1. What pairs come up if the first residue lies in region 166-177 and is closer than 12 Å to residue 152 by Cα, the second is of a type in the set (Asp, Glu), and their beta carbons are under 6 Å apart, counting only those six or more places apart or on different chains?
2. Would you say residue 180 is small (Gly, Ala, Ser), within 40 Å of the chain's Cα centre (by Cα) and either modelled with pLDDT under 75 or surrounded by fewer than 10 Cβ atoms within 10 Å (Cβ to Cβ) (or both)?
3. Just wondering, is there one or more residues in region 137-156 that are in contact with a Pro (Cβ under 9 Å, 6 or more places away or on another chain) and not aromatic (Phe, Trp, Tyr)?
4. Can you confirm whether residue 83 is of a type in the set (Ser, Thr, Tyr), closer than 21 Å to residue 47 by Cβ and in the same structural domain as residue 129 (by TED's automatic domain parsing)?
5. I need a count of the residues in region 77-94 that are at pLDDT below 90 and assigned to a loop (DSSP other than H, G, I, E, B).
6. Looking at region 124-154 only, could you name the residues that are at pLDDT 80 or above and either closer than 17 Å to residue 176 by Cα or in a loop (DSSP other than H, G, I, E, B) (or both)?
7. Mind counting the residues in region 95-113 that are closer than 15 Å to residue 124 by Cβ and surrounded by 20 or more Cβ atoms within 10 Å (Cβ to Cβ)?
8. Quick one: which of 17, 13 is part of a loop (DSSP other than H, G, I, E, B), acidic (Asp, Glu) and over 30 Å from residue 130 (Cβ atoms)?
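The values are calculated or read from the model by the stated rules, or taken from the named source; none is laboratory data. What you are looking at is a predicted structure, and each value in this text was computed from that prediction instead of being measured. Here Cβ is always computed from backbone atoms with ideal geometry, including for glycine, and neighbour counts include all displayed protein chains.
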Amino acid sequence: MVEEILRVLLIEDDQHDAYMVNGYLSGSFKVDWVQTLEEGIARLTTREYDVVLADLSLPDSAGNDTMKAVLSAAPNLPIILVSGKHSERFAIKTVGDGVQDFFFKDMLQPDSLRRSIRYSVERKRNERERERLLRELREALDKVKALSGLLPMCAWCKKIRDDGGYWHQVEEYLTVHTDAKLTHGICKECSEKIMKEIESNKQ
């Protein structure tokens, strides 16, 4: 099975590290490299990517500011951060804030990076699909017409009177005034009543 070619925006100011990452991702990844946060944000507005891989320390941004800026610029893309500084606490915080993964540069390995990118892309796609389904569900619920208040009903035939003074069968009224789709069946009580009438007619 041929692997999907994933488009990676690499934001990294260190040329050696950029060449190293590009080598790690050769083959089934297409890497677009920029050296500043400003350039990265500009690329995100003009080109399409599957994932953003960004160094935290850049010439025009660092640390938490870099993370916030990248998350804000690419809210629908998985973000993976790398850093030359070791801070487990900060790494955990970034993941809690919405980053998909975090790597320390001296621990970066080709297999783990490639795997992380693919997993991150898949997780983000699943998140977007869940959000789409929830949005459609909310929209559908907003469109549901709900009956409220008092409904004038005939005590004898059980018809309902509309605002214009006309009488309608219950199922007709519900079909017009709600989004409900009615199906027909026979309840237990009516079934027993019908069977008694059938037996009575046989005698």
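1. That search, which allows pairs on different chains as well, returns nothing.
2. Spelling it out, residue 180 is indeed small (Gly, Ala, Ser), within 40 Å of the chain's Cα centre (by Cα) and either modelled with pLDDT under 75 or surrounded by fewer than 10 Cβ atoms within 10 Å (Cβ to Cβ) (or both).
3. So the first thing to find is which residues in region 137-156 are in contact with a Pro (Cβ under 9 Å, 6 or more places away or on another chain), and the list is none.
No, region 137-156 contains no residue that is in contact with a Pro (Cβ under 9 Å, 6 or more places away or on another chain) and not aromatic (Phe, Trp, Tyr).
4. In short, no.
5. 4
6. 152, 153, 154
7. 3
8. Step by step, each of 17, 13 is checked, and only 13 is part of a loop (DSSP other than H, G, I, E, B), acidic (Asp, Glu) and over 30 Å from residue 130 (Cβ atoms).
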